[in-house]
Amino acid sequence: MQSKDFDPYVYLGTNVLKNKLGIKNSTVLALREEQLTSIRMLQLTQKELPRSITFKQLCLVHRHIFSDIYDWAGKIRTGSISKGRTQFCRPAYIQTEGVKICAAINQAKCFTELAPEEFIKRFAHSFNEMNVLHPFRDGNGRATRAFFNQIAAKANYQINYIKIGRDEWIDACIQGYWLTTNALEELFAKALVRLVPAPGLTLNQELNFGD
């Protein structure tokens, strides 16, 4: 009988994610992952923006970033995950909730008709909803930031994450879990950049916050 703590995504007896490279050392894997995902995220800057915002598109973004490393890249996780006291969405609800979040963004025309202050408020709210979902076993932060920079680009904005510190970002996301997005709004406000004239190049300032 398997323990309730059994994690099929990691090598038995370790906390190292099973990977295509066969690496079983967490430090080595983290370094190699950063190298490969940085290249993949740069490639995203050269792709056309999606015509519509869908949950499937988020999955495709995750697959593009992590497909060199993990077989499950772009696939919804099958197990529950948490960080500290933060318990993310149960797997059974991820697909439905993800579709609803993206549908609301599309209904709002990707916030393209909003003034900057209102854009930041709506953007932070939707980002927070998707972050609480945490659809994948790992790499949620990078995929979600990349995906939402595509959304921002539709309104001719970019979120320049270089302006955001790692610790304040983590704190804002934790606050967001408890449905308080004020801190996220403040961070997005200071990192918001107007894109002129080519909104397609949106991700080159993406930071790796280790998630």
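General remarks:
- Test result for P91, without any contact (Cβ under 8 Å) to a residue 24 or more places away in the chain and farther than 20 Å from T181 by Cβ: yes
- Once the stretch 102-151 is narrowed to residues that are aliphatic (A, V, I, L, M) and under 15 Å from L184 (Cα atoms), the residue that is nearest to the chain's Cα centre (by Cα) is M130.
- When I170 is tested against (1) assigned to a loop (DSSP other than H, G, I, E, B); (2) among the β-branched types (V, I, T); (3) under 30 Å from S26 (Cα atoms), just one condition goes unmet, and that condition is (1).
- Criterion: surrounded by 15 or more Cβ atoms within 10 Å (Cβ to Cβ), assigned to a helix (DSSP H, G or I) and of a type outside the set (G, A, S) - qualifying residue of T37, T96: T37
- Count of the stretch 123-164 residues, restricted to those that are within 17 Å of K100 (Cβ to Cβ) and part of a loop (DSSP other than H, G, I, E, B), is 2.
- Qualifying residues in the stretch 104-120 (those that are in contact with a Phe, Trp or Tyr (Cβ under 9 Å, 6 or more places away or on another chain) and part of a helix (DSSP H, G or I)) - the one farthest from K154 (Cα to Cα): E118
- Test result for L58, modelled with pLDDT of 95 or more, of a type in the set (A, V, I, L, M, F, W, C) and over 27 Å from K154 (Cα atoms): no
- Selection within the stretch 10-28 - exposed (fewer than 11 other Cβ atoms within 10 Å of the Cβ) and β-branched (V, I, T): T27
- Within the stretch 40-55, if we keep just the residues that are of a type in the set (D, E, K, R) and modelled with pLDDT under 95, the residue that is surrounded by the most Cβ atoms within 10 Å (Cβ to Cβ) turns out to be K47.
- Among the conditions (1) assigned to a helix (DSSP H, G or I); (2) in contact (Cβ under 8 Å) with a residue 40 or more places away in the chain, I69 misses just one, which is (1).
Results for (1) within 17 Å of F119 (Cβ to Cβ); (2) at pLDDT below 95; (3) surrounded by 15 or more Cβ atoms within 10 Å (Cβ to Cβ), shown as yes or no for each residue.
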{"position": "Q150", "(1), (2), (3)": "yes, yes, yes"}
{"position": "A153", "(1), (2), (3)": "yes, yes, yes"}
{"position": "Q175", "(1), (2), (3)": "no, no, yes"}
{"position": "T181", "(1), (2), (3)": "yes, no, yes"}
{"position": "E185", "(1), (2), (3)": "yes, no, yes"}
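- Only residues that are closer than 23 Å to Q107 by Cα, in a helix (DSSP H, G or I) and not hydrophobic (A, V, I, L, M, F, W, C) were counted in the stretch 40-65, giving 2.
The values are calculated or read from the model by the stated rules, or taken from the named source; none is laboratory data. What you are looking at is a predicted structure, and each value in this text was computed from that prediction instead of being measured. Virtual Cβ from ideal backbone geometry, glycine too; neighbours counted across all protein chains shown.
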